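Accompanying notes for the structure given below.
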Amino acid sequence: FPYKRLFIIALVLVSFSFLFLYLYKTSSGRRMNAVTLNRSMASCLGVSTRRIDSIAFALGSGFAGIAGCSLTLLGSIGPTLGTAYIVDAFMIVVLGGVGKLKGTILAAIILGIFSTFVEFSTSATIAKVVVFAFIILFLQWKPTGLVGSKVRALD
């Protein structure tokens, strides 16, 4: 691997470690999880949901800035810098389970390896189609993703 890519991998590991520690080891992170799971119940228990929303937006903006800065190491800077990655990122989040950090990491690893193997034997375009079909079929079987929340609801 080139040094730039090793730096990006290290930056991702540090960022995910920080986010994991924040979400699961701090009281503010636990409040954020509570608001994500059941907003009205968290509000009834005294959690300021508007404050949690602003903290979540600030965290998301910060991580988007870090991602944008790391992408500049891979190519030229322009208005279409992230368009090649946005669909893959969306598929990873949906496959992992919306709002689940562990599922996102697992889905990124699985889709990265699966896509690489399919792309090696075919082409990049066919690999995207095969990965997209795999995600559709998987979500038919498990609609909440790899690590989806278990909810009690009437369907």
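The values are calculated or read from the model by the stated rules, or taken from the named source; none is laboratory data. What you see is a predicted model; the values in this text were computed from it and never measured. Side chains are part of the model used for accessible areas, which takes the heavy atoms of the whole protein and leaves out ligands, DNA and RNA. Shrake-Rupley method; radii C 1.70, N 1.55, O 1.52, S 1.80 Å.
Rounded to whole numbers, the Karplus 3J(HN,Hα) couplings from phi for segment 119-133 are 5, 5, 8, 10, 10, 5, 5, 5, 4, 4, 5, 5, 5, 5, 5 Hz, using 6.51 cos²θ - 1.76 cosθ + 1.60 with θ = phi - 60°, and x at Gly and Pro. If the viscosity is 1.567 mPa s and the temperature 4 °C, what Stokes-Einstein diffusion coefficient in µm²/s follows for the chain when Rh is the Kirkwood radius over Cα pairs? After rounding, the answer is 73 µm²/s.
Quick one: helix 3-25 against the long Cα principal axis of the chain, what's the angle to the nearest 10°, folded into 0 to 90? The angle comes out near 20 degrees.
Beyond 26 Å in Cα-Cα separation lie the following of the pairs Lys100/Lys142; Lys25/Lys100; Lys4/Lys100: Lys4/Lys100.
Note on segment 1-67: Kirkwood radius taken over Cα pairs, Stokes-Einstein applied at 37 °C and 0.692 mPa s, translational D equal to 248 µm² s⁻¹. Heavy-atom accessible area, probed at 1.4 angstrom with all protein chains present, ranks Ser28, Ser17 as Ser17, Ser28, highest first.
Normalised by the residues of segment 1-134, what does the relative contact order come to in percent, with Cα pairs under 8 Å and at least six apart? The normalised contact order for segment 1-134 reaches 13 percent.
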